[in-house]
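J.: Here it is, the structure, as structure tokens.
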Amino acid sequence: MVTIDPPTERTCERCGREDVWNADRQTWVIRTSDGEKRVGNPQCLHEWDINGAYSPVVES
Ligand SMILES: [Zn+2]
């Protein structure tokens, strides 16, 4: 039995963009904080802080 615990939030280490996981829509959405969307830099090739820790488990 394999249990995965996917992250529910992520932050770009380059531009500061913040996403939160929307379980209903099964997608990432931009976090809104203090009425302001944390969009970061739209030109950025985002470097998410979860990249190293999270990899989907694949049974072979
Ligand atoms: Zn970024």
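Values in this text are rule-based calculations from the coordinates and carry no lab data. These numbers were taken from a predicted model, which means no experiment stands behind them. FYI the Cβ positions are ideal-geometry reconstructions off the backbone, even for glycines, and counts take in every protein chain you see.
J.: Can you compute the FRET efficiency between Asp49 and Asn22 using 1/(1 + (r/R0)^6), with r the Cβ-Cβ distance and R0 = 22 Å? Round to the nearest 0.05.
T.: Numbers: r = 19 Å, r/R0 = 0.85.
So the FRET efficiency works out to roughly 0.75.
J.: Averaged over every viewing direction, what's the projected area of the C-alpha convex hull for the range 1-41? Give it in nm², one decimal, please. Kindly include the intermediate steps, with their values, before the conclusion.
T.: Working: hull surface 15.6 nm².
Mean projected area for the range 1-41: 3.9 nm², to one decimal.
J.: Asp34 to Met1: FRET efficiency via 1/(1 + (r/R0)^6), r the Cβ-Cβ distance, R0 35 Å, to the nearest 0.05?
T.: Working: r = 42 Å, r/R0 = 1.19.
The pair Asp34/Met1 has a calculated efficiency of 0.25.
J.: Another question, then. Using Cβ contacts closer than 10 Å as the measure, can you line up Arg38, Arg25 from fewest to most?
T.: Numbers: Arg38 17, Arg25 8.
Listed from fewest to most nearby Cβ atoms, that is Arg25, Arg38.
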